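Worksheet: one structure, shown below.
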Amino acid sequence: MNKMVVMMDVYNERSKGKIIRTVANFHGVTTITMDSKDGKLTVIGDFDSSKILTKLKRRWINADMATFGPYDPKKEAAAVEKKRIKERERERLLEASRGNYCLCGPTTQHQICVCNQEPYHQGCIIS
């Protein structure tokens, strides 16, 4: 299994559909995903990358191969999970910076946690 990422400009849903239909006609393609915002076409399967890229460049001149290599589903799942964890941590820090709760954890009798309610505050002061 191979994974190929092609960068190209996509202006609307109609051109996105044409691109997906063009790639879907090739033998060995199992998965096609298209991110319109980034202009990123991801093709997964056992296919000839040069034929696909040649066909795309005929119709869309700005099509350029970004990456090509072996595809490992386990590695992809681990990368997605790592990305989710980072996103949760970022959201947690964002909520904390808004002053909704304190990041310093539970306080004991000897510690006093003072949380600042400013919007750009990055943490707590322990005294």
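The values are calculated or read from the model by the stated rules, or taken from the named source; none is laboratory data. Since the model is a prediction, treat every value here as computed from it, not as a measurement. FYI the Cβ positions are ideal-geometry reconstructions off the backbone, even for glycines, and counts take in every protein chain you see. Quick note on the areas: whole protein, heavy atoms, side chains included, nothing else; ligands and nucleic acids left out. Shrake-Rupley method; radii C 1.70, N 1.55, O 1.52, S 1.80 Å.
I'd like the Karplus ³J(HN,Hα) series for the range 34-44: coefficients 6.51, -1.76, 1.60, θ = phi - 60°, whole numbers in Hz, and an x wherever there's a Gly or Pro.
10, 9, 5, 4, 8, x, 10, 9, 10, 10, 10
Report, ordered by chain and residue number, the aspartates and glutamates lying within cross-link reach of K83, taken as a straight Cα distance under 15 Å and ignoring same-chain residues fewer than 8 apart.
In chain and number order, the partners are E91.
At 1.4 Å probe size, with no ligands or nucleic acids counted, give the accessible surface of S49 in Å², nearest ten.
20
For M65, what accessible surface area do you get with a 1.4 Å probe? Give it in Å², rounded to 10.
80
Using θ = phi - 60° and the Karplus form 6.51 cos²θ - 1.76 cosθ + 1.60, what ³J(HN,Hα) does each residue of the range 16-26 get, whole Hz, x for Gly and Pro?
With coefficients 6.51, -1.76 and 1.60, one gets 4, x, 5, 5, 5, 5, 5, 6, 5, 6, 7 Hz.
What's the carbon and sulfur percent of the range 1-82's accessible surface, probe 1.4 angstrom, rounded to a whole number?
Summing carbon and sulfur atoms, their accessible area is 52 percent of the total for the range 1-82.
Could you sort out which of K3/K37; K40/K75; K51/K82; K51/K74; K18/K75 sit more than 25 Å apart by Cα distance in this structure?
From the list (K3/K37; K40/K75; K51/K82; K51/K74; K18/K75), the Cα-Cα distance tops 25 Å for K51/K82; K51/K74; K18/K75.
Please give me, ordered by residue number, the trypsin sites (Lys or Arg not before Pro) of the range 1-104 that lie in loop per DSSP and have at most 14 other Cβ atoms within 10 Å.
Hits after loop and neighbour filter: K37, R98.
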